[in-house]
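Some notes on the structure that comes next.
Derivation of every value follows stated rules applied to the coordinates shown; laboratory data play no part. In this text, all values refer to a predicted model and were calculated from it rather than measured experimentally. Positions of Cβ are generated from backbone atoms using ideal geometry, with glycine treated the same way; all protein chains shown enter the neighbour counts.
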Amino acid sequence: MNNTESKLSKNINQVSSKKTKIKKTSPYKKKVAKTNLTGFLFASPWIIGFLLFSLYPIIKSLYYSFTDFNVFMPPKWVGLANYKELFSDDLFYKSLKNTLFMTLIGTPINLIVGLINAMLLNVKVKGMPIFRTLFFIPSIVPVVASSMLWTWLFNPSCGLINKALGKIGLYQPNWLADPRYTKPALIIMGIWGTGSIMIIFLAALQDIPAQLYEAADIDGAGPWDKFIHVTLPGLAPIMLYQIILSVINNFQYFTQAYVMTGAGSGQYSGVIGGPENSMLFYALYLYHNGFNYLKMGKASAMAWILFIIVAIVTWILIKTSHLWVSYGEGDDNN
Amino acid sequence: MFKKTTALIISFLLVTTMFVGCGEKETETTSKGEKGAPQEVKFWYLWSGEDAKTLEKIIANYNNSQDRYLVKGLSQPDEQKLITSISSGTGPDISDTFSNKIASYASKGILQPLDDYIKKDNYIEDFVPATIDTVKYDGKIYGLPAGAGEGLMMFYNKKLLKEAGFNEPPKTDKELMDVATKATKLDKDGNMEALGFPDFPFVYYATNMTFALGGDLISEDGKELTPDNEATIKALHMIADYRKKFGIEKIDKFNASNGAYVAPTDCFITGHQALRFDGMWLVGLINKYNPDLEYGIAMLPYPEGHPELAGGGEASSSVLYIPSNAKNKEGAWDFLKYIEGTEGMKLWAKESGFIPARKSLWTDPEIEKIPGFKQFSEKVAKNNTKVFPSFPAQAEYSTQLATYYELAANSKLTPEEAMKECKEKCKDLLNQK
Amino acid sequence: MNQKKSDSKKVTKKVFIYILLISFGLMFLMPFVFLISTSLKSDIEAFSPNFTIIPKEIKWDNYAKAFKEIPYLTYTKNTLIITMSCVAGELISCPLVAYALSKVNWIGKKPIFALLLATMLIPYQVTMIPLYMIWNKLGLLGTKWPLIIPSFFGGAYYIIILTQFFKTIPNSLLEAARIDGASEFKIYRSIMLPLSKPALATIGIFTFLANWSDFLGPLLYLSDQSQWTLSLGLQQFMSAHSVKWGLLMAASAMFTIPTVIIFFFAQRYFIEGIVTTGLK
């Protein structure tokens, strides 16, 4: 190639490099390299953080899961012993069952309540900020305090809930002492904590253009039709996200269980997970194994098993998402 | 606008770094101490409330009596957090736990053996020998007991017993069943008004009853765990029968409605429980919340026909220890000597209401005045108490026992089935470190 | 005629909505009402099975007592330090990463985003123990640093929100700046950030709320009492032998009120403001 020709092609490349690709001449390559470097630099905080706070600990925890480790003495390699012990441990299965119950039943309930609240709070009425704050407050009251309050509300003879049930003539269970009712009690408690779910739904609802509703009105659509054909599709992008997040959170359910089974909670049986271990959730059992029995190796094994379960469940949710969630216009392909 | 937000962020950062700087400096100077200033000794204890106030008094007395060490106390009721802190090397120099955890902690290297210190200062002669046994593991002493390990006694409501036709508390297991059943009261709706059995708090019942009835949770040679021993099964049958007779639901409702343990609405304190297993601290609380209560203190029942076994029960006491990675062990030992010494222990026992572990104090008139002293010391004298099995995985054994006690008491399994399963579950625990 | 009908329909609809809002609102407010109510009761009345909303004897001094009984100011200071540092950390790091994942067409754009999503799957229990040991080795246990440092590396949740938000800012704006010769960082600083105020406010507030009441973090990492946060401090009112209800509730009320206020004033930012801004 002679000089003028190469100069020409360079110029052409610079002008059209946005629309066309390919031409692998050096100015293009330089630009690509520069862009990659830029992207990498901007993303570096998270990348470094990922290596330090996620990748390394995950690998380390996998290592610990194969050891006998009580924190005070160096870890001792024991191979699959922890896993074998877990798979023959009743309480392990019990804690899994309890957590699955919370996830399968709690997740839909929380999402539905959050959505209903969000829709309610989306209406244009005076004083809306006040209402929104009212709905949000319960989710920011400290867990320690609200758990104690709920212990009261659930009191079998003089708590408000049973009093109300009594007035309607329904059975008044011994909420926190009857193993059949402890988890439902926790789920009811959880409804009051759906503030953050509500906020996300609310923000998403605001994103749905008013014109769509107006068009539906003109077509004579009733409220239910509008919900099915405007609201739900409009929420589709974040719905999957909310579901996955909610499922993951419920798999890690810990704080309320910790408070409701610990000191000052009204549980005097010495059983770590409440009545017949009905409140022994996976994360709680993990915590006891690690910090009460000082069996960090076993706790790490539990953590990894949870990780794998969560990964599988999420993968299933995503793979089947196209069956029940439809995306709006171009949102991945920016 | 953007400039404003950057300004805000930067000013926040500045302010917070200032605080962080200040905070860090504070802790540095106090822990290192300047030349001539007393060295800090951190004492974290599980007690709170009134007991904590007593400890702070003792600490103040100690600090005033010398100027080499300055003890700083902290109430830290969450034992797991305490252990977590110790594990990270940021824990205290001296702390406390219960004697039924000594083996677990000692085997993991958490506790500093005290034998050398004790020998140097010739310290433990005055202690009741049985109490020193509770703090030994593998032949070494790992802490000092605060109390004589008197354990629990049977508190009884004189009025409720009289109304049921009893002028004396039950002495044997059969009598207990009889009294409990007859003293239970139901109101017109069939709800429980007075609880006859020592059903509340549940956690105090089964192990204590096991020991009281002459059983043990570990074999004599220490080679096998025996949750299925006869005494435990008998004890579980008793509570299961009581619960079946009056209805678990009713009892649960009663327990739930009658407030939290040792709160002002505690069912025994308010006079709604006929028989109760509890510790000496209950005396102080009754005096505080319901001083007019007519009650008595008796020993736990013995098995019918075996009066020589009277005074049984679980011996456990609080134990003060020095973590193996404590920063100031010398200071910790010095304070430990004081609080476990005659002067410190006397004030402690007197105010917190327990029987001191030092024999010499037993003849002290002020100690004799501690409510319940007579009955509790009689029990200690009988020497029929036992300790919870001492081995590294004892915490897990305790949890498994609690789980199966509950299943048996609620008749989800028969006591025989429950304890057999428990034994099966726990068969490897003794081998664990 | 139709106008009148639809007008009255609108009114009944409004009334209906108000009724729903008020009743649901009261229901949701209930725990907080109990909180305040108990905070004004004496211990004995707090325990009484006969529940009353207005205490027979209003103990205003529960608040003063709670304030004195635990080192409230110290705990507040600690909580503020940690919370505000985390807010600063996230606000600095998250937009940077979000920019890379939304507006820079580099080779890692999609993979890193996918990795980001994947890390949200990791239950914190998996990394909890090794992280604890790492901080142990670094000698930072018992300090606030383990709670602050990670926020300077970007939280996945916030990055995702910001990325989605950045995507709504038209590329044409950036292109114009690029053609003018502006560096990526200049574009980031002078175009992206100013247009993202609502989203940034949202992130800031979420971070604040999350850290203000964080319990497990301080539980694991703050051992010395002088370092405790409010959420840990509340535990001091509870012990195996008694719970000081009135004081606990008073302290909890004081603990909650700042967050309520912040939410009330900031809500319009993130609820209404997270909507696409378009060209301004």
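What's the center-to-center distance, using Cα atoms, between region A:150-165 and region C:181-217 in Å?
Rounded to whole Å, the Cα centres lie 43 Å apart.
When chain B is modelled as a GNM with alpha-carbon springs shorter than 10 Å, which of B:K346, B:K162, B:K327 fluctuates the most?
Among B:K346, B:K162, B:K327, the largest GNM mean-square fluctuation belongs to B:K162.
Would you mind pulling out the separation of the Cα centroids of region B:164-234 and region C:74-107, in Å?
Here the answer is 59 Å between Cα centres.
Taking the Cα centre as origin and putting +1 on Lys and Arg beta-carbons and -1 on Asp and Glu beta-carbons, what dipole magnitude results for the protein assembly as shown, to the nearest 20 debye?
For this selection, approximately 5300 debye.
Whole-Hz ³J(HN,Hα) for each residue in region B:101-112, computed from phi via Karplus 6.51 cos²θ - 1.76 cosθ + 1.60 with θ = phi - 60°, x for glycine and proline: what do you get?
The phi angles translate into 10, 4, 4, 4, 6, 4, 5, 9, x, 7, 9, 8 Hz.
Each residue of region A:126-131 in order: what ³J(HN,Hα) in whole Hz does its phi give by Karplus 6.51 cos²θ - 1.76 cosθ + 1.60, θ = phi - 60°, with x for Gly and Pro?
In residue order, the calculated couplings are 5, x, 4, x, 5, 4 Hz.
As I understand it, the dipole of region A:81-324 uses +1 on the Cβ of Lys and Arg and -1 on the Cβ of Asp and Glu, about the Cα centre. Which of A:M296, A:S246, A:I130 lies farthest toward its positive end?
A:M296
Among A:L91, C:C86, C:T256, whose Cα lies farthest out toward the positive end of the dipole of the protein assembly as shown, if unit charges sit on the beta carbon of Lys, Arg (+1) and Asp, Glu (-1)?
It is C:C86, whose Cα lies furthest towards the positive end.
Based on DSSP H assignment, which helices of chain B show an axial Cα extent of at least 30 Å together with a mean Kyte-Doolittle hydropathy greater than or equal to 0.0?
Result, helices passing both filters: B:2-32.
Taking θ = phi - 60°, what integer Hz values does the Karplus form 6.51 cos²θ - 1.76 cosθ + 1.60 yield along region A:207-220, in sequence order, with x for Gly and Pro?
Each residue's phi maps through the Karplus curve to give 6, 6, x, 4, 4, 4, 5, 5, 4, 4, 4, 4, 6, x Hz.
Angle between the Cα long axis of helix A:143-153 and the longest principal axis of chain A, 0 to 90 degrees, nearest 10?
Rounded to the nearest ten degrees, it is 40.
Rounded, prolate or oblate for chain C? Axes are the square roots of the Cα gyration tensor eigenvalues, ordered a ≥ b ≥ c, and the cut-off for rounded is a/c under 1.5.
Verdict is oblate for chain C.
Do the sum for chain C: with -39,500 (n - 2.57) for every DSSP H run of n ≥ 4, divided by all residues, what is the mean residue ellipticity at 222 nm, to the nearest 500 deg cm²/dmol?
Taking each H run of at least 4 residues, the total per residue is -21000 deg cm²/dmol.
If we sort B:118-124, C:90-96, A:159-165 on the protection proxy, mean other Cβ atoms within 10 Å, highest first, what's the order?
Descending mean neighbour count gives C:90-96, A:159-165, B:118-124.
Taking the Cβ of each residue in B:H306, A:H288 as the centre, tally the other Cβ atoms inside 10 Å and list the residues starting with the fewest.
B:H306, A:H288
For the protein assembly as shown, what is the per residue volume of the convex hull drawn over the alpha-carbon atoms, in cubic angstrom?
Each residue corresponds to 209 Å³ of Cα convex hull volume.
Using only atoms on other chains, find how many Cβ atoms lie within 10 Å of each Cβ of peptide C:254-260 and report the average.
Rounded to a whole number, the mean comes out at 4.
Quick one: C:V11, B:V128, C:V126, fewest Cβ neighbours within 10 Å first, how do they rank?
Placing the least packed residue first, the sequence is C:V11, B:V128, C:V126.
Less than 14 Å Cβ to Cβ from B:S219, Lys/Arg counted +1 and Asp/Glu -1: what total charge do the surrounding residues give?
Spelling it out: positives minus negatives among the neighbours equals -2.
Rank the residues B:V262, C:V97 as a footprinting-exposure proxy: fewest other Cβ atoms within 10 Å of their Cβ go first.
B:V262, C:V97
Work out the charge dipole of the protein assembly as shown with +1 on the Cβ of Lys and Arg and -1 on the Cβ of Asp and Glu about the Cα centre, then indicate which of A:F307, A:L121, B:G49 is farthest towards its positive end.
Positive-end residue among those listed: A:L121.
Using the Cα centre of chain C as the reference point, and only Cβ charges (+1 on K/R, -1 on D/E), how large is the resulting charge dipole? Debye, rounded to the nearest 20.
That gives chain C a dipole magnitude of about 980 debye.
What average number of partner chain Cβ atoms lie no more than 10 Å from the Cβ of the residues making up B:108-115?
2
Please give the net charge around B:Y261, taking every other residue with its beta carbon less than 13 angstrom from that of B:Y261, where Lys and Arg add +1 and Asp and Glu add -1.
Around B:Y261, the surrounding residues sum to -2.
If I fit a long axis through the Cα atoms of helix A:26-49 and take the longest principal axis of the Cα atoms of chain A, what angle between them do I get, 0 to 90°, rounded to 10?
With both axes taken from Cα atoms, the answer is about 20 degrees.
What's the center-to-center distance, using Cα atoms, between region B:386-428 and region A:255-305 in Å?
Answer, in whole Å: 17.
Shielding by partners for A:58-71, please: the mean number of other protein chain Cβ atoms within 10 Å of each residue's Cβ.
Shielding by partners across A:58-71 averages 4.
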